[in-house]
Amino acid sequence: MTTLVSLDDAKRHGLIRFFTGEPCKHGHVAERYVKGNRCVECDRVWRSPNQPNAPKAVRVPRAPVMASASASHGFSEPKAWPWDGGVRREPVLDMDHNPPRVVRQVGWRCCMKCAKPFFSDDVKALRICDGCKGASTANLG
Ligand SMILES: [Zn+2]
Ligand SMILES: [Zn+2]
């Protein structure tokens, strides 16, 4: 049924659709909604999920979430703790290795030169405090 109903008539009679007999910009000769002036055929196409020109929900691929970038890469270095008499040793782990590799051990120790306790970044290799180390390097030139 294609009775011509102008937009004004449709509004006057409280209709939701009107029909001018003129094709829409997509070539549909169809009724139009008073609200929005949209062709019902266009509206049907627009709403149908199977139509290629219907808007699709865009799926954005999500990047895998790293548990913690800082914890899974580089070195896991324990924080310095208060003086404990040089007992405690904590490993520094290279987290790039699987399983993580112990690269060195940190802990308190006494300087071999001045016997003062200091926190060593490498208890095996670093045996003198920063003060003595600076002095020794200066002596070595
Ligand atoms: Zn249309
Ligand atoms: Zn020292």
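The values are calculated or read from the model by the stated rules, or taken from the named source; none is laboratory data. Since the model is a prediction, treat every value here as computed from it, not as a measurement. Cβ placement follows ideal geometry from the backbone for every residue including glycine, while neighbour counts extend to all protein chains displayed.
Data overview
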| read-out | value |
| --- | --- |
| Of all residues in the range 81-139 being assigned to a strand (DSSP E or B) and charged (D, E, K, R), the one that is surrounded by the most Cβ atoms within 10 Å (Cβ to Cβ) | Arg109 |
| Close pairs from the range 17-30: first at positive phi, partner assigned to a loop (DSSP other than H, G, I, E, B), Cβ under 9 Å, at least 6 apart | Gly21/Thr2; Gly21/Leu4; Gly21/Val29 |
| Flag if Glu77 is among the acidic types (Asp, Glu), more than 16 Å from ligand 1 (Cβ to nearest atom) and either at negative phi or modelled with pLDDT of 90 or more (or both) | yes |
